[in-house]
Amino acid sequence: MTKNKLSLAEQMAAVNEYEREPVPPKKVKGFKSFVGMVASEHIAGTEFVIGPLFVLHGAAASDVFLGLLVGNILATLSWALVCAPAAVKTRLTIFYQLEKICGAGPVAIYNFVNGLLYCVAAAAMIGVSASSIGLLMNIDAPGLTDLYTSDPLWILIIFGIGVVITVVATFGFDRVSRFANIFAPWMPLVFLASGIAMLPTLGVNNVSEFWSVAETKIWTGTPVAGATQYTFWHILIFAWLCNSAMHIGLGDMSIYRYAKKATYGLASGFGMFIGHFMAWVASGILCAVALQEGISNPSPGQIAFMGAGVAGAICVVIAGWTTANPTIYRAGLAVQGLMPRFKRWKVTVVVGVTATLLACFPAIVSKLDQFLGIYALCASPVGAIVLVDIYVFPKMGLISNVAFEKGSKFNSIFMMAWIFSIVASYILYELTNADFYFFMAIPGFIAGGAFYLALSLVFQKKDYRKEVQPLTDS
Amino acid sequence: MKRLVQSVSFLGLGLTLVPSLFVFAGTLSLEHYKLMMLAGTMIWLCTAPFWVNGRKKNIED
C-alpha cells in the first residue's frame, strides 16, 4: 500500500510526536515554522477582548505604548533565553522532562491541570469563533452567564469548528504549523487595516492628529464607571506575563523542542509584537469607536465586524482556530502523559471532543481568566524547578532527573517546593491585592527555583549523590 | 505557475490592507473598503494554500 493510500487511522498512527523521547536531529524545523505558528497563535479572538480592556480600565496612551513595548520585549526574551534553550537542550516535552524530575505521581497532577486548562482555553476559542459565525448567520450567541445552549444551530456550529480543530491537532505539530502558516500573513493585516480605517471615525484625519486623539478619546487615563485604573505596570505585566505558563513556565518546550537552535525562541517576538502590540492597539481603537457609538460592552465578533465587515468576522473565526489548534495539540500531549499506553492521536481526539463539549457551556468557558490565573500560579514554579534541575544541579553536584535515576514515582522534594511556592505567591497575591493571579508569576518562579534548590541541598543524600552519575542522555 | 499564484495571493493581501489607507485619506467609503477587504481575503484564502507551505511532504518524511 502506498503512503497516499493509507487509511486515516494508519496515517494518524504513523505520526510520531516523540512524547517520551528526545526529538531526533533530523526532525528539527527551521525558523519559518515557528514564525508562522507563533504569529498566528498569538492573534486570537481574545485580542479583541484584551485590547478593549485597556481602554475600559482607563490606561493612558503613553502607558499603553510604553508598557506594551517593554512587556513584549521581556516576553520575547523569556522565550528566547529561558524556554527555547531548555527545550533545545533536552528535546523533550515539559511533561516528560518533569516526569523524570518528580516522578509519575506529581506529574499526573501537573498534566491533569494542564489538560483541563488547555481544554477550557480551546473551548473558549471555539466559542469566540462560533460567536462570529453566529453573527454572520444572524444567530444570537448565548450569554456568558448561560449554563448551556439549547439552540441546535448553535451546537451545530460549535461541533463544526470542533471537528476542524481536532482533526488538525490530531495530525501533530507539522500539520498545526502548516495550517497556521496559511493564515499568518493575512490575519495581522485585517487587524491593522480595521484599526487604520476606523481612525477617521474618531476624528483622526492625518498622522499628526493621532496622538492627541489617542490621549483624549481612546486611552484617556479615565476608567469607565466601575472599572479599576490600569497603569504602566498593569500593561507591562499583562504583556510580559499573560503567557507566563508558556515561557517561564516552559509550556512551550513542547513546541521549541523542534527548534534547530535556541535562538529560534526569538520567533515569539513576531507573535508578541503583531498579536500583543499591534492587535491590542487596533482593537483598542475599535473599542473606542464602539463606546462612541453607544456599545458599552462589545463582543469580539461585533468589534471585528464593525471594523472590517465580513472579512473581520472571518478573521475572528480563523483566529480562534489557529489558537485552538496548538492548544488542543498541547492538551493531547499533557493528557497522553497521564496515559502513556494510549496513542497521542487517540488522546487528542478525546481532548478535542471534550473541548467541543465544553464550548457548549458558556458559563464554564467564561471562567477562563480564573483557570489561566490558577495555571500561571502552578506553572511558573514548575518552570523554575525544571531550569534549576537542568542547569544548576550539575554545577552543584546534585543529581538531575532524580526520580528517573532512583526509579521513584514520587519526588517529595519537588512536591514540597511546588506547594510552598504556590502558597507563597498566593499569599503575596492577597497581600498586594493584585488584579490577576498571573501577576504573581515572577515571585512564584523565583520561589519555586529557590525552594527546590534549598530543599535538594538539604535532603539529597550525600551517599546517593556519589552512587548515581548525572544523566547525559539529554 | 507558482509565481503567478503567488502574485495573485499578494494582490489579495494588498486588497486586504491598502483600502484602509484610502479610508484614512478620506477617498474611500467604509462600505467599499469592507467589500474590497472581503475580496482580498477570499483571494488570499483561495490561493495561499497552494504555495505557502512549499512542497507537500508525506507524513512519514
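Every number in this text was worked out from the coordinates using simple rules, so none of it is lab data. From a predicted model like this one, the values you see are computed outputs, not experimental measurements. We place every Cβ from the backbone using ideal geometry, glycine too, and count neighbours over all the protein chains shown.
Figures for the structure shown
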| item | result |
| --- | --- |
| Per residue Cα convex hull volume in Å³ - calculated over the stretch B:2-47 | 49 |
| Whole-angstrom gap from the stretch B:33-54 to the stretch A:23-90, using each part's C-alpha centre | 25 |
| Extension gain from A:I446 to A:L153, taking 0.36 nm per residue of separation minus the Cα-Cα distance | 100.6 nm |
| Residue-averaged beta-carbon neighbours from other chains (10 angstrom radius) around B:40-51 | 4 |
| Along principal axes, Cα extents of the stretch A:226-358, largest first, whole Å | 56, 34, 30 |
| Global form of the stretch A:209-259, assessed from the alpha-carbon gyration tensor, a/c cut-off 1.5 | prolate |
| Mean-position separation - Cα centroids, the stretch A:286-333 and the stretch A:151-216, in angstrom | 6 |
| Within 10 Å of each Cβ in A:203-215, the average number of Cβ atoms from other chains | 1 |
| Where N is the number of residues in the stretch A:282-387, Cα Rg divided by 2.2 N^0.38 Å | 1.39 |
| For chain A, calculated [θ]222 nm from helices alone, where every DSSP H run of n ≥ 4 adds -39500 (n - 2.57) | -21000 deg cm²/dmol |
| Solution diffusion estimate, µm²/s, Stokes-Einstein, the stretch A:28-367, Kirkwood Rh from C-alpha pairs, 37 °C, viscosity 0.692 mPa s | 162 |
| The stretch A:168-259: Cα Rg divided by the 2.2 N^0.38 Å rule of thumb | 1.56 |
| FRET efficiency estimate (nearest 0.05) - Cβ-Cβ, B:S29 to B:F50, R0 35 angstrom | 0.60 |
| Pairwise FRET efficiency - B:K2 versus A:D140, Cβ, R0 = 41 Å, nearest 0.05 | 0.40 |
| Packing-based exposure ordering (other Cβ within 10 Å, fewest first) of A:T201, A:T327, A:T354 | A:T201, A:T354, A:T327 |
| A:K367-A:K27 FRET efficiency (beta carbon distance; Förster radius 41 Å; 0.05 resolution) | 0.65 |
| Relative contact order, percent, the stretch B:2-47 [alpha-carbon distance under 8 Å, six or more residues apart] | 55 |
| Model label zone, A:V392; criterion: amide N under 18 Å from point 7 Å along Cα-to-beta-carbon; scope the stretch A:86-110 | A:86-87, A:98, A:101-102 |
| Interchain or long-range residues, amide H under 5 Å from A:A60's placed H | A:G221 |
| Length added when fully stretched, A:F459-A:T216, from 0.36 nm per residue minus Cα-Cα | 81.6 nm |
| Angle in degrees between helix B:2-25 and the longest Cα principal axis of chain B, rounded to the nearest 10 | 20 |
| At least 18 Å along the helix axis (C-alpha) and Kyte average at least -0.5, DSSP helices within chain A | A:61-78, A:104-136, A:152-170, A:186-202, A:279-292, A:300-338, A:344-358, A:368-387, A:412-432, A:441-459 |
| For A:185-195, mean number of other protein chain Cβ atoms within 10 Å | 6 |
| Spacing of the two label points (7 Å from each Cα toward its C-beta) at A:T432 and A:S408, in nm | 3.2 |
| Extended-chain gain in nm, criterion 0.36 nm per residue less alpha-carbon gap, A:K346 and A:I295 | 14.0 nm |
| Shape of the stretch A:47-171, Cα gyration tensor, a/c cut at 1.5 | oblate |
| Label-to-label distance, nm, for residues given as A:L81 and A:V207 (7 Å Cα→Cβ offset) | 3.2 |
| Sequence-separation-based contact order of the stretch A:28-367, relative, with Cα cut under 8 Å and 6+ spacing, percent | 47 |
| Mean Cβ neighbour count within 10 Å, used as a protection proxy, ranking A:390-396, B:11-17 highest first | B:11-17, A:390-396 |
